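S.K.: Before I ask anything, let me first share the structure, which is written out below as structure tokens.
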Amino acid sequence: MKRTPARAGVRSLRRAFVLCVGIAGSSSGIAACAGLVGVEEVRLRRDSGFADVTEEPEELEETGGRDTGPKPLENILEVAPGDQHTCARKPDGTVKCWGSDLANQLGIGGDGGIYPTPVALAITDAVRISSGKNHSCVVHKTGKVSCWGDNNDGQLGNGLKNTRSATPVDVLNVAGAVGVACGANFSCALLGSGGASCWGNGLGGQLGNGSTQIQPTAQPVSMLSDAVAIAAGESHACAVKSGGTIVCWGDGINGQLGNGDQLPRTTPAGVNLKNVATVSAAQRSTCALLKDGAVHCWGANELGQVGSGAASQSPNPSPIVVSNLDKAIAVSAGAIHACAVKQGGLIVCWGNGYQGQLGDGTTRLDATTPQPSPVAVVQGTSRAIGVGTSGNHSCAPTTDGNILCWGENVHGELGTGVIGGQLQSPETVKTYP
């Protein structure tokens, strides 16, 4: 059936995507929308903009397959886990962060402390948010991007490096942004034009501009003009193009670029995958959500992080389907684990669960024990509308406006009011919203 323009793109909140850039995590296993931070799934769409996400879902068009679903909008709660901190953007444009502020990554003026409950930043107009290893960035309604936290490699994009900023600073040379993805020590902005710009550590080619240099100001990604989604991992990045294809660039030693080999690329290279809706880049792996609800992953798999049903010391340099998972509406790849939201709000996770980051209530005593296929997260009665993963923790916003987190909590990154330990099942973030 054909949609009228007034209703085009409108979907139920039950099927909403939340932008997450999970940084996958550092080489030490710390994660993050890559490496450290568990790249929250980042679905950054150019054509956003509709008013009501509470309507009942429309039927899919008769052209076949699953619709691409709703675009992430300003009025959808987003969560952005970092390595040792977590940030969230409320529908009203305000931002709160919690966890470690040792690198000023909470953006609250910085005293280097630890905050186990959310603290508000001086931001009121954020429309997108992402966290990296020790930094975070937002897109403002004006199309500008601002970042805060560690800036050793210029990942804040303000023309400086080997510094920090305890409050948000504007990224230079970026205008008209509609999305942002933070990698370990670099960042990328999706532009309304369909292009992208990246800045920060580019030693692995992850800035996509043909060089392997550190760039403290934004540089255009080469040969990219029709991107609709972007994700940043530890040292690589990927973008979904308007036709449903995907390209990746940066470090490829673990096959995380998905092009069949294990070579680096300093400019975008195609992945043999079609009908892609969104992508999430991790520490050394990548996952993509297809329009039919299937999830494909590729890259490092020693702890089962590609979800194929079997762990292997040999990387998967080409996409492989995640076993026993269909009808997913969101995916987020952390450092060495990943999670997906299924229709109806159920969350499943796979990969490393030593710190409880799989959320299935199981205590795993061996950090080398893989979980190569999805297990259900113990959620209670709350319904997830998205998920974000970092190195060793995961978080999910719910339909009631709360946020659930689980996994490692050494720096209060779960926001439960407690510092230390871990949670093997989700707990509500305190004083949120």
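S.K.: At N162 and T369, where each label point lies 7 Å from the Cα along Cα→Cβ, what is the point-to-point distance in nanometres?
M.R.: 4.6 nm
S.K.: Say R0 is 25 Å: what FRET efficiency, to the nearest 0.05, do S425 and A122 get from their beta-carbon distance? Don't skip to the end; give the middle numbers.
M.R.: Numbers: r = 34 Å, r/R0 = 1.36.
It comes out at approximately 0.15.
S.K.: Where a Cα-Cα gap under 18 Å defines reach, which lysines qualify for K161, not counting those fewer than 8 residues away within the same chain?
M.R.: K133
S.K.: How many angstrom lie between the C-alpha centres of region 209-262 and region 272-331?
M.R.: Taking the Cα centre of each part, region 209-262 and region 272-331 sit 17 Å apart.
S.K.: Mind ranking 345-357, 85-97, 253-265 by how tightly packed they are, going by the mean number of other C-beta atoms within 10 angstrom, highest first? The partial results should precede the final answer.
M.R.: Working: 345-357: 25.8, 85-97: 23.7, 253-265: 21.3.
Most protected by this proxy first, the peptides run 345-357, 85-97, 253-265.
S.K.: Cross-link candidates for K342: which lysines have Cα within less than 26 Å, leaving aside residues fewer than 8 places away along the same chain?
M.R.: K2, K71, K90, K241, K274, K291, K327, K430
S.K.: Moving to a separate point now. What nm distance separates the two modelled labels at T217 and V418, each placed 7 Å from Cα along Cα→Cβ?
M.R.: 4.9 nm
S.K.: While we're on this one: I'd like the FRET efficiency for S225 and V321, computed as 1/(1 + (r/R0)^6) with the beta carbon distance as r and R0 of 30 Å, rounded to 0.05. Intermediate values should be presented prior to the final figure.
M.R.: On the way: r = 30 Å, r/R0 = 0.98.
Computed FRET efficiency for S225 and V321 comes out at 0.50.
S.K.: Restricting to Cα pairs below 8 Å that are 6+ residues apart, what does the relative contact order work out to for region 80-185? Please round to a whole percent. Could the numbers behind the result be given before it?
M.R.: Working: 314 pairs, mean separation 26.3, N = 106.
Dividing the mean separation by the residue count of region 80-185 yields 25 percent.
S.K.: Using a 10 Å cut-off on Cβ atoms, rank the peptides 117-126, 279-288 from the highest mean neighbour count down. Spell out each step's value before the answer.
M.R.: Working: 117-126: 17.3, 279-288: 34.8.
By packing density, highest mean first, the sequence is 279-288, 117-126.
S.K.: I would also like to ask the following. Cα centroids of region 107-173 and region 387-416: how far apart, whole angstrom?
M.R.: Taking the Cα centre of each part, region 107-173 and region 387-416 sit 19 Å apart.
S.K.: What relative contact order, as a whole-number percentage, does region 279-433 give when Cα pairs under 8 Å and 6 or more residues apart are counted? List each step's numbers first, then the result.
M.R.: Details: 485 pairs, mean separation 28.1, N = 155.
The value is 18 percent.
S.K.: Note the full-extension length gain between N272 and T142 as 0.36 nm times their separation in residues minus their Cα-Cα distance, in nm to one decimal. Please list the in-between numbers first.
M.R.: Details: separation 130, 0.36 × 130 = 46.80 nm, distance 3.56 nm.
Between N272 and T142, full extension yields 43.2 nm more.
All of the numbers you see were taken from the coordinates with simple rules; none came from a lab. Not measured: the values here are computed from a predicted model. Using ideal geometry, Cβ is built from the backbone for each residue, glycine included, and neighbour counts are taken over all protein chains shown.
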